[in-house]
1. Please report the Cα spread of the stretch 1-46 along all three principal axes, rounded to whole Å, starting with the longest.
2. Computed FRET efficiency, Cβ-Cβ of residue 2 and residue 73, R0 22 Å: what is it to the nearest 0.05?
3. What accessible area per residue, rounded to a whole number of Å², is obtained for the stretch 26-121 using a probe radius of 1.4 Å?
4. Suppose every Lys and Arg Cβ carries +1 and every Asp and Glu Cβ carries -1, with no other charges. What dipole size does the chain come out with about its Cα centre, to the nearest 20 debye?
5. Return the carbon/sulfur percentage of the accessible area of the chain, one whole number, probe 1.4 Å, all protein chains in place.
6. Between residue 25 and residue 50, what is 0.36 nm times their sequence separation minus the Cα-Cα distance? Round to one decimal in nm.
7. Just from its helices, what would the mean residue ellipticity at 222 nm be for the chain, if runs of 4 or more DSSP H residues each count -39500 (n - 2.57) and the sum is divided by every residue, rounded to the nearest 500 deg cm²/dmol?
8. In whole angstrom, and with the biggest value first, how far do the Cα coordinates of the stretch 64-104 range along each principal axis?
Amino acid sequence: QILDVEGYTYQNVGDLITLLPAAYDAESKFLVNKKTLYTKIAGIVNSAGDPIFVQDRVEGIAGRLMGYPVVVDDYVSNDNDALYLGKWTDVVGNLSEDIHVDADESAGFTSNSIRYRGVAAFDSKPAKADGIVRLVSTTD
């Protein structure tokens, strides 16, 4: 499911959390790119004035957003400042083409060795459609 909003607010992040079924809560994490996290989300506070994002590098994560761990990944697109929440272990993977392995005996001629090169194209999608939700912002 996608929640399309105009800018990030405490309420919008809360609305995203409500889209995810409670069955996924225990193992769910937010996924976001660094730019969106620190320019759009890190400055949001709740009604008591407390930040909703708290940094925590000790656990190997960026921090916690409203109690959920946050994973920062450079491969999350900057388009629409997307923020994802879900259980990332339920994923179905597929090799979309055969694995190719090539050997080259001439490359290691002087060292009497053979060089190998392998290529595999892998794609994936969530195993359960309701296991990942996304918030996108249409404004800067």
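1. 31, 21, 20
2. On the way: r = 19 Å, r/R0 = 0.85.
The computed FRET efficiency comes out at 0.75.
3. On the way: 6390 Å² over 96 residues.
Ligands and nucleic acids excluded, the figure is 67 Å² per residue.
4. Working: 12 positive and 21 negative charges, 66 e Å.
Using only the charged Cβ atoms, the result is roughly 320 debye.
5. On the way: 4500 of 9060 Å².
Heavy-atom surface of the chain belonging to carbon and sulfur, 1.4 Å probe: 50 percent.
6. Numbers: separation 25, 0.36 × 25 = 9.00 nm, distance 2.23 nm.
That pair, residue 25 and residue 50, stretches by 6.8 nm at full extension.
7. Values: 1 runs with 10 residues, N = 140.
Result for the chain: -2000 deg cm²/dmol, rounded to the nearest 500.
8. 52, 23, 18
The values are calculated or read from the model by the stated rules, or taken from the named source; none is laboratory data. Here the structure is a predicted model, which is why all the values come from computation and not from measurement. Cβ: placed from backbone, ideal geometry, glycine included. Neighbour counts: every protein chain shown. Ligands, DNA and RNA are excluded from the accessible area calculation, which covers all protein heavy atoms including side chains. Shrake-Rupley method; radii C 1.70, N 1.55, O 1.52, S 1.80 Å.
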